[in-house]
Amino acid sequence: MGSDRLNAAGSAPSAPRPIPPGQRHVHGWPVSHYGPVPRFRPERWNLRVFGATATGDEHTWTFDDLTVLPRTTVVADLHCATGPTSTDHEWYGIPAAAVLNLVPPAPDVTHVMAWAEYGYAANLRLADFTTPETLLATHHNGEPLTAEHGFPLRLVVPHLYGYKSPKWLRAIEYLTADRRGFWEERGYHNIADAWKEQRYSYQEQEGDGPTLPTS
């Protein structure tokens with residue numbers, strides 16, 4: 001199937017875009033993640049969609065199954081909550097909207113949880129997951145993702161800080177109530193809109209997320 005090409009504003013790439021307030025431009029593509037790089041075992045790998053699906057059933061794709069899913073290209077920047085922004089990444093992969101079309105959520109789904117290797121999780125509002133620029137990336141700048149950058153699959157949500165774009169994606173869980181993910185439980189903002197500088201949980205307003213767990 002052919003692909004479309006969008007930038008993070010939904011149009012063809014042109015002049016350099018402004019970066020969010022409080023960010024600084026960095027060259028290249030710094031490697032940043034929590035924990036070790038997992039070993040890819042294609043015979044064991046799959047992508048699950050589960051939780052509050054419209055039918056109540058779980059759906060699973062193998063690595064080979066991904067090749068027949070719709071594809072798109074998005075040109076977007078990456079914003080780290082600690083300040084660095086790297087620009088003009090060309091991502092190629094499966095639009096998040098295609099996942100929702102193939103495995104519809106129940107009507108009362110409001111959020112998704114993106115699960116990665118080693119139990120890492122990032123929660124997203126459904127509205128953030130369904131933007132045209134959100135995709136499940138397999139390639140970067142025309143080449144397959146490297147292991148350090150998330151091969152074989154990573155979620156990319158360009159308008160949110162990078163901890164909402166987990167590498168080594170393994171599952172999407174549909175939620176009918178919000179639940180904090182890994183960094184969201186450890187002091188980072190539950191929504192993480194880079195353009196609103198939503199970096200840390202102490203900045204949260206009423207309604208931004210579930211109550212933080214107490215020790």
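Looking only at the range 167-178, decide whether some residue is at pLDDT below 95, over 26 Å from Thr67 (Cβ atoms), out of contact with any Leu (no Cβ under 6 Å at 6 or more places or on another chain) and in a strand (DSSP E or B).
Scanning the range 167-178 turns up no residue that is at pLDDT below 95, over 26 Å from Thr67 (Cβ atoms), out of contact with any Leu (no Cβ under 6 Å at 6 or more places or on another chain) and in a strand (DSSP E or B).
Looking at (1) farther than 17 Å from His159 by Cα; (2) touching a Lys or Arg at 6+ places or on another chain (Cβ under 8 Å); (3) in contact (Cβ under 8 Å) with a residue 60 or more places away in the chain; (4) surrounded by 21 or more Cβ atoms within 10 Å (Cβ to Cβ), find the lone condition where Thr110 falls short.
Among (1) farther than 17 Å from His159 by Cα; (2) touching a Lys or Arg at 6+ places or on another chain (Cβ under 8 Å); (3) in contact (Cβ under 8 Å) with a residue 60 or more places away in the chain; (4) surrounded by 21 or more Cβ atoms within 10 Å (Cβ to Cβ), Thr110 violates only (4).
Within the range 74-82, does at least one residue satisfy the condition of being in a loop (DSSP other than H, G, I, E, B), modelled with pLDDT of 80 or more and of a type in the set (Ser, Thr, Tyr)?
Of the residues in the range 74-82, the ones in a loop (DSSP other than H, G, I, E, B) are 80-82.
Okay, now just the ones that are also modelled with pLDDT of 80 or more, so 80-82.
Keeping just the survivors that are of a type in the set (Ser, Thr, Tyr) gives 82.
Yes, there is a match, as at least one residue in the range 74-82 is in a loop (DSSP other than H, G, I, E, B), modelled with pLDDT of 80 or more and of a type in the set (Ser, Thr, Tyr).
Taking the condition crowded, with 17+ Cβ neighbours inside 10 Å, hydrophobic (A, V, I, L, M, F, W, C), without any contact (Cβ under 8 Å) to a residue 60 or more places away in the chain and touching a Lys or Arg at 6+ places or on another chain (Cβ under 9 Å), does Leu145 pass? Talk me through it step by step, then tell me what you get.
Details: crowded, with 17+ Cβ neighbours inside 10 Å: yes; hydrophobic (A, V, I, L, M, F, W, C): yes; without any contact (Cβ under 8 Å) to a residue 60 or more places away in the chain: yes; touching a Lys or Arg at 6+ places or on another chain (Cβ under 9 Å): yes.
Criteria met by Leu145.
Can you name the condition, by its number, that Ile191 falls short on among (1) assigned to a loop (DSSP other than H, G, I, E, B); (2) over 18 Å from Glu133 (Cβ atoms)?
The one condition Ile191 does not meet is (2).
Can you tell me which residue is modelled with the lowest pLDDT among those in the range 83-114 that are of a type in the set (D, E, K, R) and under 27 Å from Pro18 (Cα atoms)? Explain how you work it out, then say what you get.
Residues of the range 83-114 that are of a type in the set (D, E, K, R), as a first pass: 88, 90, 108.
Now restrict to residues that are under 27 Å from Pro18 (Cα atoms): 88, 90.
Values: Asp88: 92, Glu90: 96.
My answer is Asp88.
What single numbered condition from (1) among the β-branched types (Val, Ile, Thr); (2) in contact with a Leu (Cβ under 7 Å, 6 or more places away or on another chain); (3) without any contact (Cβ under 8 Å) to a residue 40 or more places away in the chain fails to hold for Thr131?
All conditions pass for Thr131, except number (2).
The values are calculated or read from the model by the stated rules, or taken from the named source; none is laboratory data. Keep in mind the model is a prediction, meaning the values are calculated, not measured. Cβ coordinates were reconstructed from backbone atoms using ideal geometry, including for glycine residues, and neighbour counts include every protein chain displayed.
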